[in-house]
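I have placed the structure first, in the form of structure tokens, so that the comments after it can refer back to it.
The values are calculated or read from the model by the stated rules, or taken from the named source; none is laboratory data. These numbers were taken from a predicted model, which means no experiment stands behind them. Neighbour counts are summed over all protein chains in view; Cβ atoms, including those assigned to glycine, are modelled from backbone coordinates with ideal geometry.
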Ligand SMILES: [Zn+2]
């Protein structure tokens, strides 16, 4: 069946958690968008039954015409490099003997004392001594918000989050927010609690897992200068190559929609010897798909009967 066109899905996962067990103030980031472990197990069992789960490198070899794969192949991917990928995901994949690929942020590996701005943002809201939505909290944050964002507007944490995301002064604003809300950011402690360590990664590699780069600090590459994009891409590639001892490594665009990358960014990826790049554009992949625009199926939209 060599010349048959296969349509191969890559499933995209983010955090996998038991939300009710998440200790307040410890592991807060994007909890609302995380998938419950029980739901993850249901999905994995379904995928394992219906598909031949193959590694991303096997898929790349197939798309380059260097190997054949079963027509019902499927790849499993995880973005962002949080500790739950070791604690909650890896034991399940190991038991089932399934490969997966994990995309990590170069800055955010346990031990670097660095924390993604978004995690700092959530940590501050989670650990402030002011009770959330109390009059005092709303007064303080509304003042902050009006000063920093726009006048005559009331506090709304998703608006504030968007404002910080779009700012080039993220660190300054986060520092102001942490002092306004009286939260000390112990970066070493938060970093160790949230992200995969080198030891976690080594153990996962030894058990058939693959790793790829996801920039250093998770910016939307289309909103920063090309020079900064190049640094984000290059530096994260060096880190993942050092961790994996592999030259051929994949990349996943932060956010990953069509507007978050362009031909200059693809050129930088090629110049830096990345094997491929994954988007978050919905779809499956075949031999016609560009290796630097691989499509994915978000696990949140995984209709178990459709794919
Ligand atoms: Zn990401």
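Observations, loosely collected:
- Among the residues listed as 60, 76, the single one being modelled with pLDDT of 95 or more and either in contact with a helix residue (DSSP H, G or I) (Cβ under 8 Å, 6 or more places away or on another chain) or in a strand (DSSP E or B) (or both): 76
Residues are listed down the side, and each one gets a yes or a no for (1) without any contact (Cβ under 8 Å) to a residue 24 or more places away in the chain; (2) within 12 Å of the chain's Cα centre (by Cα):
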position	(1), (2)
86	no, no
90	no, no
95	yes, no
98	no, no
103	no, yes
107	no, no
112	no, no
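- Unmet requirement for residue 164, which otherwise passes all of (1) in contact with a helix residue (DSSP H, G or I) (Cβ under 8 Å, 6 or more places away or on another chain); (2) within 15 Å of the ligand (Cβ to nearest atom): (2)
- Checked against the criterion of being surrounded by fewer than 19 Cβ atoms within 10 Å (Cβ to Cβ), outside the structural domain of residue 90 (by TED's automatic domain parsing) and either at pLDDT 95 or above or farther than 26 Å from residue 89 by Cβ (or both), the candidates 199, 203, 169 yield just one match: 169.
- The number of residues in segment 233-253 being surrounded by 21 or more Cβ atoms within 10 Å (Cβ to Cβ) and either farther than 20 Å from residue 196 by Cβ or in contact with a helix residue (DSSP H, G or I) (Cβ under 8 Å, 6 or more places away or on another chain) (or both) comes to 5.
- Enumeration of residues in segment 234-258 that are under 14 Å from residue 292 (Cα atoms) and away from the ligand (no atom under 14 Å from the Cβ): 248, 249, 258
- If you go through segment 93-118 and keep only what is more than 12 Å from the ligand (Cβ to nearest atom) and within 30 Å of residue 137 (Cβ to Cβ), you end up with 107, 113, 114, 115, 117.
- Some residue of segment 261-277 being within 18 Å of the chain's Cα centre (by Cα) and over 19 Å from residue 56 (Cα atoms): yes
- Only a single criterion out of (1) assigned to a loop (DSSP other than H, G, I, E, B); (2) in contact with a helix residue (DSSP H, G or I) (Cβ under 7 Å, 6 or more places away or on another chain) is not satisfied by residue 71, namely (2).
- All of 90, 46 fail the test of being assigned to a helix (DSSP H, G or I), away from the ligand (no atom under 16 Å from the Cβ) and surrounded by fewer than 20 Cβ atoms within 10 Å (Cβ to Cβ), apart from 46.
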